Amino acid sequence: MKFFKKFSLVTVASAVLLTSALAGAASAKDDLKGKITINGSTALLPMTLQAAKEFQKLHPKVKIAASGKGSVTGPQAVKKGIAEIGACDWDASKDVPGFKAFDGQVANKVAVIPFATIVNKSVKVDNLTTEQLKGIYSGKITNWKDVGGSDEDIVVITRSFGSGTRVNYQIKALDGGDIVKKEKNYKEVGSSGDMKTAVATTPNSIGYIDLTYITGSDIKAVKHNGVEATTANVINGKYKIWSYGYYMTKGQPTGATKEFIEYVQSKKFQESSLKKLKFIPIAAMK
């Protein structure tokens with residue numbers, strides 16, 4: 001009888017300790033609090049919004065506000081102290097063509113972003129070479145018939161200066177070629193969403209965007225040098241128009257900001273939500 005009493009007391013004590021430990025762990029998780037402001041890349045914005053939604057469910061005391069106006073505005077906002085995270089389509093701690101490095105900022109790699117050349121559904125072209133794209137964006141090629149399409153003027157749509165999508169597209173799709181402003185059949189847009197809308201609603205137009213925005217039947221991605229724009233072709237090395245996406249921070253991130261970035265970098269998020277949005281896990285690249 002004494003044995004059973006002793007056993008019962010030990011069992012109850014163990015249960016109390018286990019319950020306290022679990023409650024303590026839950027409490028510790030729920031104790032994470034803070035406010036995170038994220039500015040910058042519109043290419044990364046769908047991923048950022050999804051990650052923020054999931055993270056705030058896990059940590060209700062953390063408030064996240066995310067917006068996108070172009071990559072360069074991300075590290076600029078961090079520098080000014082109005083954002084904890086600057087989403088950027090290039091490593092803004094280093095110089096890139098057109099932009100100096102943002103000193104004191106740390107580049108936290110969070111995703112691989114595949115980009116594609118897109119055209120309006122009226123365009124009867126399925127493949128464009130680097131040289132053809134350079135001709136189109138420099139203004140030397142102005143008619144679709146010169147690249148295998150119909151006898152129609154090409155309407156060039158590009159991103160505004162400061163866009164990370166534009167920086168990467170110029171470097172990788174145009175091989176460093178210029179994007180030349182023209183008096184007609186030319187338009188600049190401020191975001192990835194605006195690019196999708198502009199190409200979808202403008203007959204005979206061409207633009208560029210990251211894969212997560214390519215939906216519906218009004219736009220289509222064209223091959224680059226005969227290679228289709230897919231996540232698989234980025235991973236196997238055949239498709240070259242892609243970049244890493246970064247969360248720029250002022251020094252090493254701390255507190256809720258650090259926890260959020262680590263959540264985005266986690267296998268759980270990278271292999272699930274991130275892939276569903278047509279981004280590529282950073283671990284997939286060798």
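Bin by bin, in steps of 10 Å, what percent of the Cα pairs in segment 228-286 do you find, going until the bin that has the longest distance? P(r) over segment 228-286, rounded to whole percents: 20, 45, 27, 8, 0. Each other residue within a Cβ distance under 10 Å of Ser191 adds +1 if Lys or Arg and -1 if Asp or Glu, for a net charge of +2. For the chain, the per residue solvent-accessible surface stands at 50 Å², with DNA, RNA and ligands left out and a 1.4 Å probe. By the helix-only formula, in which each DSSP H run with n ≥ 4 contributes -39500 (n - 2.57) and the sum is divided by residues, the chain has a 222 nm mean residue ellipticity of -10500 deg cm²/dmol.
Net charge in the neighbourhood of Asp126 (other residues with Cβ under 13 Å of its Cβ; Lys, Arg +1, Asp, Glu -1) is +3.
Between segment 25-85 and segment 164-213, how far is it from one alpha carbon centroid to the other, in angstrom? So the separation of the two Cα centres works out to 27 Å. P(r) tail, the chain: Cα-Cα pairs separated by more than 30 Å, 38% of all pairs. Sorted largest first, the spans of the alpha carbon positions of segment 180-286 along the three principal axes are 50, 31, 26 Å. Quick one: Kirkwood hydrodynamic radius for segment 107-215, alpha-carbon pairs, angstrom, one decimal? This gives a value of 14.0 Å.
Ligands, DNA and RNA left out, the 1.4 Å accessible surface of the chain is 55% carbon and sulfur atoms. The radius of gyration of the Cα set in segment 157-215, together with its Dmax, comes out at 11.0, 31 angstrom. At a Cα cut-off below 14 Å, give the aspartates and glutamates reachable from Lys250, other chains included and same-chain residues fewer than 8 away excluded. Counting by Cα, and skipping residues close in sequence, Lys250 has these aspartates and glutamates nearby: Glu84, Asp91, Asp103. In terms of distances greater than 21 angstrom between alpha carbons, the cross-link table entries Lys57/Lys80; Lys124/Lys196; Lys196/Lys223; Lys109/Lys276 yield Lys57/Lys80.
The values are calculated or read from the model by the stated rules, or taken from the named source; none is laboratory data. Nothing here was measured: the structure is a model prediction, and the numbers come from that model. Backbone-built Cβ (ideal geometry, glycine too); neighbour counts: all protein chains shown. Please note that ligands, DNA and RNA were not included when accessible areas were found on the heavy atoms of the full protein model with its side chains. Shrake-Rupley method; radii C 1.70, N 1.55, O 1.52, S 1.80 Å.
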